[in-house]
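Any read-out appearing in this document is the output of simple, stated calculations on the displayed coordinates, not a laboratory observation. All values derive from a computational prediction rather than experimental measurement. Here the Cβ positions follow ideal geometry from the backbone for every residue, glycine too, while neighbour counts run over all protein chains shown.
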Amino acid sequence: MENLSQVKELLKNSKRVCVLTGAGVSAESGIPTFRGGGDSAVWKGMPFEKISSAEMVEKDLDAVWEWFDHRRALYKDCLPNAAHRAFTLWQERFEEFTLITQNVDGLHERAGSREILELHGNINHAKCVDCSGIYRIDPQIVPHQPSECSECGSKLRPDVVLFGEMLPIETFQKAERRSKRCDVFFVVGTSALVYPAIGLADLAKYAGAKLVEVNPEETPMTSFCDFSLCGNAGDIIPLI
Ligand code: APR
């Protein structure tokens with residue numbers, strides 16, 4: 001694959017590398033993507049954008065937990081794949097490596113990646129609806145426990161960014177800083193449709209970075225990339 005050797009050549013002289021991953025990087029671990037069809041796109045007749053929304057947390061927190069506990073049950077037996085593992089090696093290979101993910105499945109962390117910028121939160125964290133206290137919930141326990149805040153007694157909600165909510169500001173600002181100064185920005189396994197996350201690729205490109213996409217399908221980002229590696233992340237990333 002000609003592009004692959006060009007990307008490897010490019011990385012030889014690169015000091016700062018950013019990677020933005022989406023659901024596609026976990027597809028080979030058995031986790032359904034959002035827009036690749038399959039049954040994850042609709043939950044009890046409700047599109048996932050609706051059940052995963054700030055409005056539903058207000059209206060029916062139990063239904064939101066039912067959807068997230070359903071996904072936690074799916075995720076709990078899934079393991080990191082070759083792409084997740086390869087990225088843990090990249091954090092030793094470059095002077096500055098930044099892993100930014102839209103995924104909430106926690107697989108990058110389980111693979112051994114450190115300092116992950118989880119733009120959309122983590123499905124195994126819960127937070128209090130009132131005092132915002134954060135709780136780690138055991139990935140193996142479904143439904144989630146605890147359900148109340150031990151500090152103030154209020155209900156807990158998934159610590160995940162829902163549609164209509166702001167991203168964690170410090171995490172996003174760090175991702176912006178790193179995107180602006182990197183030499184190469186990888187976009188791996190994302191449909192490149194959801195802002196502000198995918199806007200980081202634009203930011204990197206305008207700041208002078210080379211843009212590399214890894215995806216078996218074309219996306220709105222493909223024509224904007226310097227290199228587009230067509231295929232599965234689990235095959236391509238370890239080759240790089
Ligand atoms: N390797 C690489 N890419 C893959 C693979 C694979 N094995 N399998 C599928 N893909 C690609 C698909 O072609 C698609 O472009 O992964 C992408 C998955 O797109 P989405 O399902 O839209 O996931 P994502 O881009 O992460 O969604 C962004 O939307 O639903 C919200 O908050 C949620 O973080 C999510 C955000």
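Antiparallel versus total DSSP beta bridges in the chain: what percent is that, nearest 5?
Percent antiparallel among DSSP bridges in the chain is about 30.
Near the amide H of His125, under 5 Å away, which other amide H atoms are found, from residues 5 or more places off or on another chain, if H is placed in the peptide plane?
Answer set, sorted by chain and number: Ile137, Asp159.
In straight Cα distance, which aspartates and glutamates are under 12 Å from Lys15, not counting same-chain residues fewer than 8 positions off?
Answer for Lys15, where 12 Å is the Cα cut-off: Glu92, Glu95, Glu96, Asp183, listed by chain and number.
For Asp226 and Asp62, compute 0.36 nm times the residue count separating them, minus their Cα-Cα distance, and round to one decimal in nm.
54.5 nm
Short version: ³J(HN,Hα) in whole Hz for each residue of the stretch 204-217, in order, from phi by Karplus 6.51 cos²θ - 1.76 cosθ + 1.60 (θ = phi - 60°), x for Gly and Pro, what are they?
Calculated HN-Hα couplings, in order: 4, 4, 5, 8, x, 6, 7, 10, 10, 10, 10, 6, x, 10 Hz.
From the Cα trace of the chain, what convex hull volume per residue do you get, rounded to a whole Å³?
Enclosed volume per residue, from the Cα hull, is 117 Å³.
Dividing the alpha-carbon Rg of the stretch 1-112 by 2.2 N^0.38 Å yields what?
My calculation over the Cα atoms of the stretch 1-112 gives 1.32.
Which longest uninterrupted range of the chain lacks any GluC sites (Glu not before Pro) assigned by DSSP to a loop state (not H, G, I, E or B) and surrounded by at most 12 other Cβ atoms within 10 Å?
The reported range is 1-94.
Could you pull out every residue, at least 5 positions away or on a different chain, whose amide H is within less than 5 Å of the one on Leu229? Hs are placed 1.01 Å off N in the peptide plane, and Pro or chain starts have none.
Glu213, Val214, Asn215
Could you give the nm distance between label points at Ile141 and Arg177, where each point is 7 Å from its Cα heading toward the beta carbon?
Placing both labels 7 Å along Cα→Cβ, they lie 3.6 nm apart.
Check the straight Cα-Cα distances from Lys8 and name the lysines below 16 Å, setting aside those fewer than 8 residues away within the same chain.
Those lysines meeting the cut-off are Lys210.
Tell me which aspartates and glutamates have Cα within less than 18 Å of Lys44's Cα, excluding those fewer than 8 residues away on the same chain?
Those aspartates and glutamates meeting the cut-off are Glu55, Asp60, Asp62, Glu66, Asp69.
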